[in-house]
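S.K.: This is the structure I have questions about; it appears just below.
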Ligand code: UDP
Ligand code: MG
């Protein structure tokens, strides 16, 4: 089967006037070279998503669109955050494209990794993850916090590709399947692995932000990690249940201990009763919270209404 070859590069932008002109230059060079090598069709485009910027971002996007049809864009009514902006771009682009690559506006992701991504797409991958081979160019602080982020996510039971952010190729087929995920709390890098299909990774060196400031300060990053965990994993609930079981077992031991101490006559009046009750009640409470949590966990998975299966191949379909 010959695979479609129209590429859309989706770039979410929030107050990126300082970098946008450079991004436009770089992407134009890249797309032209890809078109020349016949890897992508001549009507491939860059689609900017203006995420409610307060600066000249949208003006730059609409100006370049007027001058050069290789560039197009959509503008959201207000700032919705990186993940929502990206989703808006992906879902819009999939209507025009066969291949969609998402990347940040700040040129931290190496555009030269696109060649290899597209090769892997032609080899049959529906999702190709860009993975940072090193973080030498990141500040010490960013490196430590970001690596901690991935490790903590893994520990909390979220299956994500290590050191992969949102630089990723997705085929139209993957995006069509993805559009069946209706959840509101988005954590795209954790959701694409759920789509299944053949996937691959491409390594690239992550660069410094070309200009402007990071829109992900520590506070946002922490809330992003927390969002990721609570939207993907009921491990925290399970932890409460485990603690409940442990405390409950401990409380039985404590009760026995209290009785023994009492029988040995080494206690003041009322001690056994008070200490014993504290442990028993705490144990029962923790256990009960854990059990209620299990049910909440079930409600949580049900309300997401994630697709229960995605069909990869159907021999009845004629190509
Ligand atoms: N971004 C966005 N909406 C926001 C915040 C960020 O569209 O509310 C975009 C931003 O313009 C950039 C990308 O998301 O293209 C990633 O942001 P940034 O580079 O600041 O994050 P970092 O690389 O520092 O993690
Ligand atoms: Mg960045």
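The values are calculated or read from the model by the stated rules, or taken from the named source; none is laboratory data. From a predicted model like this one, the values you see are computed outputs, not experimental measurements. No Cβ is skipped: glycine too gets one built from the backbone with ideal geometry, and neighbour counts run over all protein chains shown.
S.K.: Return the residues of the range 60-103 that are in a loop (DSSP other than H, G, I, E, B) and surrounded by fewer than 21 Cβ atoms within 10 Å (Cβ to Cβ); say none if nothing qualifies.
M.R.: 68, 69, 70, 76, 77, 78, 79, 80, 81, 95, 96, 98
S.K.: From the list 124, 148, exactly one residue is over 21 Å from residue 101 (Cβ atoms) and more than 14 Å from the chain's Cα centre (by Cα). Which is it?
M.R.: 148
S.K.: Yes or no: the range 243-256 includes at least one residue that is buried (at least 17 other Cβ atoms within 10 Å of the Cβ) and under 30 Å from residue 150 (Cβ atoms).
M.R.: Yes, the range 243-256 contains a residue that is buried (at least 17 other Cβ atoms within 10 Å of the Cβ) and under 30 Å from residue 150 (Cβ atoms).
S.K.: State whether the residues of the range 192-208 include one that is within 14 Å of residue 83 (Cβ to Cβ), at pLDDT 80 or above and away from ligand 2 (no atom under 16 Å from the Cβ).
M.R.: yes
S.K.: Continuing with this model, one more query. In the range 39-55, what count of residues is obtained for those that are more than 16 Å from ligand 1 (Cβ to nearest atom), touching a residue at least 12 places away in the same chain (Cβ under 8 Å) and assigned to a loop (DSSP other than H, G, I, E, B)?
M.R.: 5
S.K.: For the range 1-34, give me the residue count where each residue is away from ligand 2 (no atom under 16 Å from the Cβ) and not in a loop (DSSP other than H, G, I, E, B).
M.R.: Count: 12.
S.K.: Moving to a separate point now. Quick check: is even one residue across the range 217-227 in contact (Cβ under 8 Å) with a residue 12 or more places away in the chain and on the phi > 0 side of the Ramachandran plot?
M.R.: Within the range 217-227, not a single residue is in contact (Cβ under 8 Å) with a residue 12 or more places away in the chain and on the phi > 0 side of the Ramachandran plot.
S.K.: Which condition number in (1) closer than 22 Å to residue 182 by Cα; (2) in contact (Cβ under 8 Å) with a residue 60 or more places away in the chain; (3) in a helix (DSSP H, G or I) is the one that residue 296 fails?
M.R.: All conditions are met except number (2).
S.K.: Within the range 74-100, can you find the residues that are within 16 Å of ligand 2 (Cβ to nearest atom) and touching a helix residue (DSSP H, G or I) at 6+ places or on another chain (Cβ under 8 Å)?
M.R.: Within the range 74-100, 83, 86 qualify.
S.K.: Might you let me know whether the range 156-175 holds any residue that is within 16 Å of ligand 2 (Cβ to nearest atom) and more than 24 Å from residue 8 (Cβ to Cβ)?
M.R.: yes
S.K.: Since residue 267 meets every condition but one in (1) assigned to a helix (DSSP H, G or I); (2) farther than 30 Å from residue 122 by Cα; (3) more than 16 Å from ligand 2 (Cβ to nearest atom), which condition does it not meet?
M.R.: (1)
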